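The values are calculated or read from the model by the stated rules, or taken from the named source; none is laboratory data. Keep in mind it's a predicted model, so treat the numbers as computed, not measured. Don't worry about glycine lacking a Cβ; one is built from the backbone with ideal geometry, like all the others, and counts go over all protein chains shown. Accessible surface areas use protein heavy atoms only, side chains included; no ligands, DNA or RNA. Shrake-Rupley method; radii C 1.70, N 1.55, O 1.52, S 1.80 Å.
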Amino acid sequence: MVQQQYIDSGILETYVMGSASDEEVKELMYMKATYPEVCFALQQLEIDMEHIARHMAVTPPVCTWDKISDTIDELMVRPVNDLKKNQTDRADRDFSNFNKGSQYIVVEAESNHIRVHKIWRWILAAIFLLGKIFLGFAIYFYLENKQAKQQLKELKTELRQIKK
């Protein structure tokens, strides 16, 4: 019963996916050694994951390995003088924390900020301003309506008093 609850808890899946903590791994190894049901379930899960990985694998383009191999060969064959020249070129491009003893590949990333065209700023400001103006008119006409109803009520009471 304890074994089945442990198997159903999802710890086996986290272990197989590689996201289990050290404590969970130790606990799993203990449970695997103690209970053969846990060991069998772990083996079955690993087999299933391998099967899924094989059937869902995406074949890379044909020239991918050639590009990787060429890049590695270029890095290995490049003379030391070229490496020093590249390092100084990179340092000139404001890489202040560049470690000269190692080699880096520069990756340029785009900003994650959203750019808004300037016209939208004016449009949003106009909408905000118009909203405030309409709110002012709504309050004004609400108060006028309230005052008109009060005056109408007073006139009706005066008419009733006159009729009596």
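Can you give me the number of residues within the stretch 1-48 that are surrounded by 11 or more Cβ atoms within 10 Å (Cβ to Cβ), part of a loop (DSSP other than H, G, I, E, B) and among the aliphatic types (A, V, I, L, M)?
Adding up the residues that qualify gives 1.
Collect the residues in the stretch 49-71 that are over 27 Å from GLU13 (Cβ atoms), open to solvent by less than 100 Å² (accessible area, probe 1.4 Å) and in a helix (DSSP H, G or I), keeping them in residue-number order.
THR64, ASP66, ILE68, SER69, ASP70, THR71
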